[in-house]
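Taking it in order: structure first as structure tokens, then the write-up.
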Amino acid sequence: MKKQLTYIAVAFLFSGMLSAQKIDLNAMPKPGPTPAINIAKPKTFQLSNGLTVMVVENNKLPRVSANLSMDRPPYYEGGVTGVSQIMAEQLENGTKNISKDEFNKKVDFLGASLSFNSGGAFANSLSKYFPEVLGLMADAIINPNFSAKEIQDSKERAIEGLKSEEKNASSIASKVSRALMYGKNTSRGEFETVESINKIQLADVQNVYKKYYAPDNTYLVIVGDVKFDQVKSLVEKDFSGWKKSNTTFAALEPASNVAKTEINVVDVPTAVQSVVSVNNLNNLKMKDPNYFAATIANYILGGGGEARLFMNLREKNGFTYGAYSSLSASKYSPEFSAEASVRNEVTDKAVKEFMNELNGISTVKPEELENAKAKLKGSFIMSLEQPSTIARFALNQKVQDLPADFYTNYLKSIDKVTAADVSNAVKTTILPNQSRIFIAGKASDISEGLEKLGYPVKYFDKEANPVAKPTAQKVDASVTIGSVADKYINAIGGLAAVQKVTSISSDATTKVQGMDMNMKMIQAKGGKMAMNISMMGNTVQKIVFDGKDGYMEAQGQKMPLNDKQKAEMAKDTELFPELTFAKSPEYKLAGIEKYNNEDSYVVKGGKTTYYYSVKTGLKTGEVKAGEGGSVPTSYADYKDVSGVKLPYTIMQNMGGMDINLTVKSYQINQAKDSDFK
């Protein structure tokens, strides 16, 4: 089946003025003197249950935010991994004192935002409504209304989310890389599965709430248009009933870097890009003497669009849209990571450039150092405009055990960093010789190049279990490109039935960011196509092509298709390209691979690669290459439509976003010429 055409138009507006005097545009302005920093000191008190409250009065705007954060180490959930998140969702389902509907109505009526997570909560509102909003937060925390029905609903949503991520390379990379770094059966390395979510029961939710969602070592930071005395009385009234858990946490499971850098690969057969990340663990803390030097080193390496990784992998080599690094000084999981998504065919080259940059970061140029200092200082100063920054500073000071002058001396600490300091900091925080180079991608396309880089290459499945190197299955000598096409044609109804089809019309729906989207598609022989995508009854995008000419419409703007677009669309004259496989030298049988969880014959032709189930002959999917990157599509749930079987489930990934289309109806041979005008 033909593919939809995606068009994205981006407009950039730029204006500027130069004064009449002569200005050297190549000279960077000299920075002024480092300003003195005055940061509001929070007023603090503690309740008898262990809740520490910090209040920062800021009367610039009539708003108040409250951030609740629990300082506790990660804990192992085991067979019910995911239970903490399920528990946190229940806190938004009303309380023992107020129903779910009434609770949510009150929050909306007050124009407030109120959210909960497994390690705390957040509220924001106008100051005149803050007492009521704080009361709602406390009621939800202290008097949760756990119900088996709501928990089941949360489980179903979680499972739906897991299934949508099964073939997403970024999601796979995130969970498996942590499992390999920390161990999959540890508090920091475990991950949710359909099985673990299904096991969660009401008693598990109640247990994790009682043991871990408690005021012990918990901080409530309130910032905004408030008076300390009023806040103190409000908190004492609302939160004094929250009971301590006195939970004793097990020591964190030991974790260490590999003795020698290695490549870890997870095979994602449907991936059109490889997710590459270079990871290692360290012991960096914010109070360490080398914290600022390490922060500057990371900024120079991968902190933004002018950092080394970005300039190398994107600007110089064009491997990716962006490459970045991060250096976490987390209290419980300090680690370094550098990552990018790159095209399959350049995965090995990208890994080589990553490692070149990591090995080279121990030496920085004077201009790089000064530029990084200026950027970091500027970001710090700008952040002070946000009240939430003060809350974060106050929390960090307590949790990270920072000296009292840490933030007031922040700019001076950056100024003091030398190139030698950066070099010394890198030795303990960015470790190119003890890293895991983790790659989630299509092993059949990338393995050969990776194995030539000189690092040990190990393979894992999507559950972080070691596996043998994926190998391509051999195609039986009796199988030809013609027999694959014939098997597909026969599987969907036979040659006579397929040849009778002159047009296919479909009506499909999906959800995008929680909103319903409808797609109507009409395709006819001769390359004709009309597609209309709408949301809430309004057309979002429309494409019409009559085989020779056409147009595109988006956001009310209509424009003709250009010659290149028309030429590309005109190539697809058949509704079923399989009818031409045996006649055209463009198509090649390229082996057997897993696609949509089925062993599939691979047929490569021009810009599109097709996959057909070895078992059933049905098309399992296709990958179409385009200027904006390849677009993979999976097909499933075939049903008979007027003598021809067509897929009722179509799963597509565009720009990293999964779109799962459910076809509501098909019509055969109902298209009219007027549909393509």
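Since every read-out is calculated from the coordinates, none of them should be taken as a lab result. Predicted model only: the values in this text are computed from it and were never measured. Positions of Cβ are generated from backbone atoms using ideal geometry, with glycine treated the same way; all protein chains shown enter the neighbour counts.
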- Query: Which whole-angstrom value gives the distance between the alpha carbon centres of the range 355-419 and the range 122-149?
  - Reply: 35 Å
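Could you order the peptides 423-431, 559-567 from most to least packed, using the average number of other C-beta atoms within 10 Å per residue?
Numbers: 423-431: 19.7, 559-567: 12.3.
Those peptides, ordered most packed to least, come out 423-431, 559-567.
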- Item | Computed Rg/Rh of the range 142-298, alpha carbon atoms with Kirkwood Rh | 1.04
- Task: Mind putting a number on the dipole of the chain about its Cα centre? Charges go on the C-beta only, +1 for Lys and Arg and -1 for Asp and Glu, and I need it in Debye to the nearest 20.
- Result: 420 debye
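What does the helix-only formula give at 222 nm for the chain: each DSSP H stretch with n ≥ 4 adding -39500 (n - 2.57), the total divided by the residues, and the result rounded to the nearest 500 deg cm²/dmol? Display every interim value, and only then the final one.
Working: 18 runs with 198 residues, N = 677.
Using -39500 (n - 2.57) per qualifying helix, the result is -9000 deg cm²/dmol.
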- Considering Cα pairs under 8 angstrom that are at least six residues apart, work out the relative contact order of the range 262-467 and quote it in whole percent. 42 percent
- Note on the structure: Packing-ranked peptide list from 533-543, 245-255, highest mean Cβ count within 10 angstrom first, is 533-543, 245-255
- Task: Would you mind checking the tilt of helix 347-360 against the longest principal axis of the Cα atoms of the chain, expressed as 0 to 90 degrees and rounded to 10?
- Result: 20 degrees
- Task: For helix 419-429, report the angle its Cα long axis makes with the longest principal axis of the Cα atoms of the chain; keep it between 0 and 90° and round to the nearest 10°.
- Result: 70 degrees
- Between the alpha carbon centres of the range 163-223 and the range 264-328 the gap in Å comes to 25 Å
- Query: Angle, helix 481-491 long axis vs. longest principal axis of the chain, Cα atoms, 0 to 90°, nearest 10?
  - Reply: 80 degrees
- Do you know the relative contact order of the chain, to the nearest whole percent, from alpha carbon pairs under 8 angstrom that are 6+ apart? 13 percent
- Net charge dipole size for the range 481-676 [Lys, Arg +1 and Asp, Glu -1 on Cβ; Debye, nearest 20]: 180 debye
- The extension gain from Lys41 to Asn359, computed as 0.36 nm times the residue separation minus the Cα-Cα distance, is 110.3 nm
- Task: Count the net charge of all other residues whose Cβ sits under 15 Å from the Cβ of Asn198, scoring Lys and Arg as +1 and Asp and Glu as -1.
- Result: -3
- Message: Students often check this: by mean Cβ neighbours within 10 Å, which of 355-368, 285-298 ranks highest, and how do the rest follow?
- Response: 285-298, 355-368
- the range 157-219: trypsin sites (Lys or Arg not before Pro) in DSSP coil with no more than 13 other Cβ atoms inside 10 Å: none
- Counted neighbours (other Cβ, 10 Å), sorted fewest up, put Met382, Met552 in the order Met382, Met552
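Under the √(5λ) rule applied to the eigenvalues of the Cα gyration tensor, what semi-axes describe the equivalent ellipsoid of the range 565-677? Give them in Å, descending.
22, 19, 17
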- Over its Cα atoms, what ratio of radius of gyration to 2.2 N^0.38 Å does the range 474-596 give? 1.32
- Query: If you put +1 on each Lys and Arg Cβ and -1 on each Asp and Glu Cβ, how big is the dipole of the range 262-467 around its Cα centre, in Debye rounded to 20?
  - Reply: 440 debye
